1. Report yes if some residue within the stretch 232-250 is at negative phi, surrounded by 23 or more Cβ atoms within 10 Å (Cβ to Cβ) and modelled with pLDDT under 95; otherwise report no.
2. When the stretch 566-590 is examined, which residues are found to be hydrophobic (A, V, I, L, M, F, W, C), loosely packed, with under 14 Cβ neighbours inside 10 Å and either touching a strand residue (DSSP E or B) at 6+ places or on another chain (Cβ under 7 Å) or touching a residue at least 40 places away in the same chain (Cβ under 8 Å) (or both)?
3. Report yes if some residue within the stretch 363-381 is within 34 Å of the chain's Cα centre (by Cα), touching a residue at least 12 places away in the same chain (Cβ under 8 Å), not in a loop (DSSP other than H, G, I, E, B) and not assigned by TED's automatic domain parsing to the domain that holds D25; otherwise report no.
4. At least 3 residues that are over 30 Å from G468 (Cβ atoms) in each: list the helices (runs of 4 or more DSSP H) lying fully within the stretch 61-132 that qualify.
5. Taking Q136 and the conditions (1) buried (at least 18 other Cβ atoms within 10 Å of the Cβ); (2) within 29 Å of Q506 (Cβ to Cβ); (3) not hydrophobic (A, V, I, L, M, F, W, C), which numbered condition does it fall short on, given that it satisfies the others?
6. Across the stretch 133-179, what is the total count of residues that are aromatic (F, W, Y), within 20 Å of L69 (Cβ to Cβ) and assigned to a loop (DSSP other than H, G, I, E, B)?
7. Based on this model, can you work out whether L46 counts as in a helix (DSSP H, G or I) and either more than 30 Å from G225 (Cα to Cα) or among the hydrophobic types (A, V, I, L, M, F, W, C) (or both)?
Amino acid sequence: MNAPILQSYLAGHWFGTEPAQPLLDAASGAVIAHTHAGQGDFEAALHHARSSGVRGLLELDFQQRAALLKSLARYLSEHKERLYEWSLYTGATRNDGWIDIEGGIGTLFAYAGMGSQELPAGNVVHEGPVVQLGKQGHFAGSHILVPREGVAVHIDAFNFPVWGLLEKFAPSFLAGMPCIAKPATATSYLTWALVRLMLDSGLLPEGCLQLVVGSTGDLLDRLQGQDAVTFTGSAATAARLRGNPRLLERGVPFNAEADSLNSAILGPDVEQGDAEFELFAREVVREMRVKAGQKCTAIRRILVPRRHLQALAASLGAKLGALRIGDPRLPEVQMGPLASKEQQRDVGEALARLRACCDTVFDGSAQASWAGVGAEQGAFFAPTLLACERPAEMAAVHEVEVFGPVSTLMPYDELDEALALAARGQGSLVATLATRDPQTAATAVRRAAVHHGRILVLDEEAAKESTGHGSPLPSLKHGGPGRAGGGEELGGMRAVAHYLQRSAVQGSPTMLAAVLGEYVRGARRIETEVHPFRRHFEELRVGESLLTHRRTVTEADIVNFGCLSGDHFYMHFDDIAARQSPFGQRIAHGYFVLSAAAGLFVSPAPGPVLANYGLDTLRFIKPVRIGDTIQARLTCKRKTDRRKTDAQGRGQGVVAWDVEVRNQEDELVASYDILTLVAKREQGVS
């Protein structure tokens, strides 16, 4: 292979033509790329992002950016084999690469879907509810989230060069924030290949993605209060970066996801022969094998009831001994090398510190023979299983992390002891509890949650679909307290909100409605003679409102609805019991009121409204009695153009309608939003 020079992409140009540091194939030690000499102009890069990048992203809205993420994910899926080719040099097997590459692309798809479903067709997110601040309803307030007009600097670790960038890029892009990505140098060639693909797609607005290969120089020293920094890596490096004077002075948000001493606890109720015993052993071995244990979520401490220590050690040793280790290009290989010779040295030094207070239960190096030509030059490290008989007395096992295929067994006598030992890690990203007993799970999770960012409760049922201990998911937060960095990544819209600025807005309902882009009760309405259900999506205006005719509720209504629905609750049919209740008399079914209101405001003839697919915020405020007269008001609250079409190619959007149902005293008896799919006018039709 002709080793390329990995250039940085800054201020719209590729930079760096002279070779600097050689980067090696983890399996053979061959040179496969070079970083570039010299340092780019970071002031120019930041200006480019804050001007062209911000402008290009904010010319789009949340829905459009979500659609671009989906298109980008599809493009990367079509060209992913180029990434797999580079991934082999990191020491990753095909399965390891799948987690990194498919996991990263899947994260793009996930955020595209979440953005399409949950975000508005604009650049203001209403984080409700609206709060009435004045007694007469003329003054109100709420919260909004808006894009920060700055730059997100994403600093990633070496172990997941694709997923590490994409899981940060997806929410920041969706939030409308350009980013500068800084991958770890050792495996930067894979991130470089990824960024080249992303830029070659032609889908990304200019300035929204830049790449730094090598040192960040004075980049962090140039950041402003609108910028943000995310970091994945060691706890020590996270602490150093977090303390940057510029970040502290300007209040730059800093999110860290740091390596931690994650635990797995075999519950006290599990016995040998139980499915959970075998599942637990497999999970531990998988976390030692995948990426050769180079995962921030990998299991470092294995807490096991003392009576099962020997049996579990034997099971783990047998499974580890059966692993085929070598060049990841070989189909029979299950575990490849570490990412670099430097990593190999670090793992060896850390392991030596643990061996000073632990016994060696399984030493893979005693039977090591790496598969593949030239493997002796690679960064291989044999899986090693240790045991610490007195974990409460040995501080090192709770402080020293070996970032490789090494884990330590620790016996315990009571569940309280196991939870205390897990907490000795001073905060971690994830813990696993294998148990058959729901009460054990309830007790342990409540107490362990304060120390762990995520907890997997593993039993035979969950194992049928579980993604495993070490797999962060886009919809759930990834991060942890204390040593784990105190940050949160992923977590669905929580991650997007990290790149948005929250602001409280106060004013009249009319002004709030204009700011929020949605109708607020008390705001000026647009009264219309045309039924809102007769308007196509693009014709409908937020605030357009219909006041319906009235309907008096009769005893026959209640009886007929009860017979139709099968709901014969005493409050609707037992006159004596109803008189003895706080209501003093029989009342109508809440769902009858809902149905009657629909009958009042629905336009029955075929029209642009295609389907009603949900209710939000439904509340029954006051009872409706026999003889009460109800009236409904239907108001267009919010429009979301998701830019989708049906099977016939007709465009459609989502409309949320505010519904108020009031009685003859003008008292609110029911309140809710309905969601409808509304067709757009066909092109050429007027």
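The values are calculated or read from the model by the stated rules, or taken from the named source; none is laboratory data. Predicted model only: the values in this text are computed from it and were never measured. Methodologically, a virtual Cβ is constructed for each residue, glycine included, from the backbone with ideal geometry; neighbour enumeration extends over all protein chains shown.
1. Initially, the stretch 232-250 is screened for residues at negative phi, giving 232, 234-250.
Filter once more, so that each one left must be surrounded by 23 or more Cβ atoms within 10 Å (Cβ to Cβ): 232, 238.
Restricting the remaining residues to those that are modelled with pLDDT under 95 gives 232, 238.
Looking for residues that are at negative phi, surrounded by 23 or more Cβ atoms within 10 Å (Cβ to Cβ) and modelled with pLDDT under 95, one finds at least one in the stretch 232-250, hence yes.
2. Matches in the stretch 566-590: F583 only.
3. Quick first cut of the stretch 363-381, residues within 34 Å of the chain's Cα centre (by Cα) only: 379-381.
Adding the requirement that they be touching a residue at least 12 places away in the same chain (Cβ under 8 Å) leaves 379-381.
Right, trim to not in a loop (DSSP other than H, G, I, E, B) and you get none.
No, every residue in the stretch 363-381 fails to be within 34 Å of the chain's Cα centre (by Cα), touching a residue at least 12 places away in the same chain (Cβ under 8 Å), not in a loop (DSSP other than H, G, I, E, B) and not assigned by TED's automatic domain parsing to the domain that holds D25.
4. Answer list for the stretch 61-132: 62-78.
5. (1)
6. Narrowing the stretch 133-179 to residues aromatic (F, W, Y): 139, 158, 160, 163, 169, 173.
After this cut, where a residue has to be within 20 Å of L69 (Cβ to Cβ) as well, the list is 160, 163, 169, 173.
Within this subset, residues satisfying the condition of being assigned to a loop (DSSP other than H, G, I, E, B) are 160.
Number of matching residues: 1.
7. Details: in a helix (DSSP H, G or I): yes; either more than 30 Å from G225 (Cα to Cα) or among the hydrophobic types (A, V, I, L, M, F, W, C) (or both): yes.
Yes: the conditions hold for L46.
This table checks each residue for (1) among the charged types (D, E, K, R); (2) within 21 Å of the chain's Cα centre (by Cα); (3) crowded, with 22+ Cβ neighbours inside 10 Å.
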{"site": "L46", "(1), (2), (3)": "no, no, yes"}
{"site": "G56", "(1), (2), (3)": "no, no, no"}
{"site": "E59", "(1), (2), (3)": "yes, no, no"}
{"site": "F62", "(1), (2), (3)": "no, yes, yes"}
{"site": "L69", "(1), (2), (3)": "no, yes, yes"}
{"site": "L72", "(1), (2), (3)": "no, yes, yes"}
{"site": "S77", "(1), (2), (3)": "no, yes, no"}
